[in-house]
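The structure appears right after this line, and notes come after that.
The values are calculated or read from the model by the stated rules, or taken from the named source; none is laboratory data. Being a predicted model, the structure only gives us computed values, none of them experimental. Ideal geometry is used to build each Cβ from the backbone, glycine not excepted, and the neighbour counts take in all protein chains shown. With ligands, DNA and RNA removed, areas are computed over all heavy atoms of the protein, side chains included. Shrake-Rupley method; radii C 1.70, N 1.55, O 1.52, S 1.80 Å.
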Amino acid sequence: LTSIQYTWIGRSSNDTYVYANNSDLAMKITGGSTNGGIVTKPNQPCFGARGYSGTTTQILSGYNPLLWSNVHTNVGNCFNNSTGKFTFPVSGRYYYECNMNLKSADNNWLGLYFIYNTSTQQNSWSRDATNTDYNDTIVSGVVDATANDYMSFGWHASYVGPQTNNTTYNYANVYLIG
């Protein structure tokens, strides 16, 4: 006998709840006069990290994936900090951003890349200034992703990498927007 799955809507006080698969909360709509209309989705796939900690085996030849000292958000366990890959759990439109602010060596170039599966999609370069220049190198955008495909942020292996052991200057985020 197989259990039948239901999607249902319930109400408690001023709040409305939408459940998927019998007991998984998919969405909450807050009612009332103070916070009325706020929609929360507690199981929305997302990832956030800060503090570049190093790299691992290259996903794509010539590009070192970014690993993090503090993965503070990982809803759905989509990000693997051993490989540097974010695996898209569902097809949809995702926002991504990564900022490398400090390089590991002065007077060198740093190339930051957004990689989808095994193809570079976007890059940004810092100039060869000193670290005291605080040189933001950012990739950000929106990607239409397919379930089980993956993405990563990486730096070009022919140039200098980001500085390790800082928790505020380097960060990354990915989340499903629809």
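In the stretch 18-39 there is no residue matching the filter, namely being open to solvent by 50 Å² or more (accessible area, probe 1.4 Å) and at pLDDT 75 or above. Restricting attention to the stretch 57-70 and to residues that are small (Gly, Ala, Ser) and in contact (Cβ under 8 Å) with a residue 40 or more places away in the chain, the residue that is surrounded by the fewest Cβ atoms within 10 Å (Cβ to Cβ) turns out to be Gly62. Tell me, please, whether a residue that is out of contact with any strand residue (DSSP E or B) (no Cβ under 8 Å at 6 or more places or on another chain) and either open to solvent by 50 Å² or more (accessible area, probe 1.4 Å) or closer than 26 Å to Val160 by Cβ (or both) can be found in the stretch 71-80. Within the stretch 71-80, one or more residues are out of contact with any strand residue (DSSP E or B) (no Cβ under 8 Å at 6 or more places or on another chain) and either open to solvent by 50 Å² or more (accessible area, probe 1.4 Å) or closer than 26 Å to Val160 by Cβ (or both). Within the stretch 122-139, does at least one residue satisfy the condition of being closer than 18 Å to Gly48 by Cα and open to solvent by less than 50 Å² (accessible area, probe 1.4 Å)? Yes, because at least one residue in the stretch 122-139 is closer than 18 Å to Gly48 by Cα and open to solvent by less than 50 Å² (accessible area, probe 1.4 Å).
A search for C-beta distances below 9 Å between a residue of the stretch 151-164 that is within 10 Å of Tyr113 (Cα to Cα) and polar (S, T, N, Q) and any residue that is outside any loop (DSSP other than H, G, I, E, B) and open to solvent by 50 Å² or more (accessible area, probe 1.4 Å), counting only pairs 6+ apart in sequence or on different chains, returns Ser152/Lys85.
Looking across the stretch 120-178 at every residue that is assigned to a loop (DSSP other than H, G, I, E, B) and charged (D, E, K, R), the one that is farthest from Tyr94 (Cα to Cα) is identified as Asp128.
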